[in-house]
Every structure is written in structure tokens, then in C-alpha cells.
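Student: Let me give you the structure first, and then I'll get to my questions.
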Amino acid sequence: MSPSAGARDSGRVDTETREFVRQLAAENRAFWVGRDVRLDPAAPRETLERQLRYRMRQGVYNELRAAELIAAWIPSVREREFRDLLPGQLDDEQRHYQLLRRRLRELGEDPDAWEPLPEWEALFDWLVAARARPTLEKLAMFQFAGETQSCDGFETLIRLAEPVDPETARLYRTAILPDEYRHAAIGQQALLLLADTPGRRARAAEACREMNRRVFEAYAAHRRRADRGG
Ligand SMILES: [Fe+2]
Ligand SMILES: [Fe+2]
């Protein structure tokens, strides 16, 4: 048995690993307090409406790149648990892409005319290139750190969109957010199964920190551009 096969073979996760995952989740949450600057809850209605629309346009691109990066990662993920789960995520992300494009068209926009922000492009290029990193680090970065924060971001978006554009809020709440919670749970499962030595825990924690920093840079750039009008 390889040293990493313990939790995966026995189905039992030791207390130390569980505690590590709990602490890392708390560290990620603490990092994000006040840092998701894409929407301003205090902004006047027209500004908020503009920020929401901007967020949706960029969201189309992000869902497409999420599908691309999962597809890029699948061949290098050898752990059977995640080989079962990642194709389902790939399917979800491409469905989100189509749903957001359709909603933008209903709102009178051409979703394919959007030029993605270079900062988001750079973030996804970096993630696709991370295919060579171990499964634990990849899933700690995107699913555990990134998609857990995305769920919080979607919760905020839904709350703020409700009075402004209830149909869009409903779409996010019913057709996107439940899937994103499932994706975040894949990240949690990866940590519980694979972060079973001090060295692996240190690398997983560092991967989350790196991801958080990079995502925050993308959020800040996103907001600067949204405020400038594109
Ligand atoms: Fe998605
Ligand atoms: Fe996702």
C-alpha cells in the first residue's frame, strides 16, 4: 500500500486530517472577508444593475474556461474517486456556460461579443497549466479554495439580484449554485482523502493561499474595469 492509500482504502479519515481541513477552510474564509469586491451592496440601483450585468458577461467566459480546465486536468487525475466525479463537473460547467449565454440573449445582449478581461484570462491560463501539479494541489486550488469562494459570491449575487432582476437571480439559485456547492465538496473530499502527511498538508495549504491571492487580483481588476465601464 502506498503511504497515501490509508484514508482512500479504509474509508476512514484520521482526526488530524479532519482538523487540518477545518482549519484551512477557516483560513480561506478569513482571507475572503471584505475581499469579494465585484459587487457593491451599498451602490445605487443603476450601478448595481451595471455591476450585475458586467459580472454575468464575464461569467459566461469563466464557465467556459472552467469546463476547459477540468477537461485539461482529467487525464492527469489518477485517483479513481475523482475520475468518477470530474466528468460530471465538466458537464455542469458547460451547461452553466450555455445557461448564462441564453439569459444574456434574453436580456438583449450578444454574449459572444464580450472581450474577456485579461486578468481573468491570465488566471485561467495559469489554472490550465497547473494540470501537471498533483491532484491534491489542483483540487485544493480550484474546487476547495476557488469554488467555495464562488459559492459565497453567488449567494451575494443572488441576494442583490433578487429585487433588480429576479429571473436572473432564480437562474443562479436553481440551476447554478447547487452544482457549485457540489464542486466545492469535491475539493473538500480531495483534502480529506489526500492531505494525509504533513508535507502534503503544507503544499495543499500553500496552493490555497496562491489561488486566493490570484483570484483576489482578478476580482480587484474586474471591479476597476466595471467602474470604468469596460
Ligand atoms: Fe459553473
Ligand atoms: Fe464549478
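Student: Looking only at residues that are under 18 Å from Leu117 (Cα atoms), basic (Lys, Arg) and touching a residue at least 40 places away in the same chain (Cβ under 8 Å) in segment 172-230, which one is most open to solvent (accessible area, probe 1.4 Å)?
Tutor: Arg214
Student: I would also like to ask the following. Any residue that is over 22 Å from the mean Cα position of the chain (by Cα) and of a type in the set (D, E, K, R) - is there at least one of those in segment 26-47?
Tutor: yes
Student: Related question: Tell me, which residue of segment 71-92 that is free of Cβ contacts under 8 Å to residues at least 40 places away in the same chain and either of a type in the set (Val, Ile, Thr) or within 11 Å of ligand 1 (Cβ to nearest atom) (or both) is nearest to Thr135 (Cα to Cα)?
Tutor: For segment 71-92, the residue satisfying everything is Ile74.
Student: Provide a single number: the residues in segment 24-39 that are touching a residue at least 40 places away in the same chain (Cβ under 8 Å) and within 18 Å of Ala220 (Cβ to Cβ).
Tutor: Total meeting the criteria: 8.
Student: Return the total of residues in segment 161-185 being more than 11 Å from ligand 2 (Cβ to nearest atom), in contact with a helix residue (DSSP H, G or I) (Cβ under 6 Å, 6 or more places away or on another chain) and in a helix (DSSP H, G or I).
Tutor: Residues meeting the conditions: 7.
Student: On to the next question. Filtering segment 102-139 down to residues that are in contact with a helix residue (DSSP H, G or I) (Cβ under 6 Å, 6 or more places away or on another chain) and open to solvent by 40 Å² or more (accessible area, probe 1.4 Å), which residue is nearest to Ala175 (Cα to Cα)?
Tutor: Looking at residues that are in contact with a helix residue (DSSP H, G or I) (Cβ under 6 Å, 6 or more places away or on another chain) and open to solvent by 40 Å² or more (accessible area, probe 1.4 Å), I get Trp114.
Here's the yes/no breakdown for (1) under 22 Å from Arg224 (Cβ atoms); (2) within 16 Å of ligand 1 (Cβ to nearest atom):
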site	(1), (2)
Pro116	yes, yes
Asp125	yes, no
Arg131	no, no
Glu147	no, yes
Asp152	yes, yes
Ile158	no, yes
Ala175	no, yes
Leu191	no, no
Pro198	no, no
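Student: Let me spell it out: the conditions are (1) open to solvent by less than 10 Å² (accessible area, probe 1.4 Å); (2) over 21 Å from Arg201 (Cα atoms), and Val77 meets all of them except one. Which number is the exception?
Tutor: (2)
Student: Turning to a different aspect of this structure: Hey, among Gln58, Gln94, which residue is open to solvent by 40 Å² or more (accessible area, probe 1.4 Å), closer than 22 Å to Ser150 by Cβ and not hydrophobic (A, V, I, L, M, F, W, C)?
Tutor: Testing whether each residue is open to solvent by 40 Å² or more (accessible area, probe 1.4 Å), closer than 22 Å to Ser150 by Cβ and not hydrophobic (A, V, I, L, M, F, W, C) leaves just Gln94.
Student: If I ask for residues that are of a type in the set (Lys, Arg) and under 16 Å from the mean Cα position of the chain (by Cα), which ones from segment 155-187 would you list?
Tutor: Once the filter is applied, which keeps residues that are of a type in the set (Lys, Arg) and under 16 Å from the mean Cα position of the chain (by Cα), segment 155-187 yields Arg173, Arg182.
Student: Please find, within segment 140-157, the residue that is nearest to Glu81 (Cα to Cα) out of those that are without any contact (Cβ under 8 Å) to a residue 60 or more places away in the chain and open to solvent by less than 10 Å² (accessible area, probe 1.4 Å).
Tutor: So the residue we want is Gln143.
The values are calculated or read from the model by the stated rules, or taken from the named source; none is laboratory data. As the structure is a computational prediction, the values presented were derived from the model and not from experiment. Using ideal geometry, Cβ is built from the backbone for each residue, glycine included, and neighbour counts are taken over all protein chains shown. Note: areas computed on protein heavy atoms with side chains; ligands, DNA, RNA excluded. Shrake-Rupley method; radii C 1.70, N 1.55, O 1.52, S 1.80 Å.
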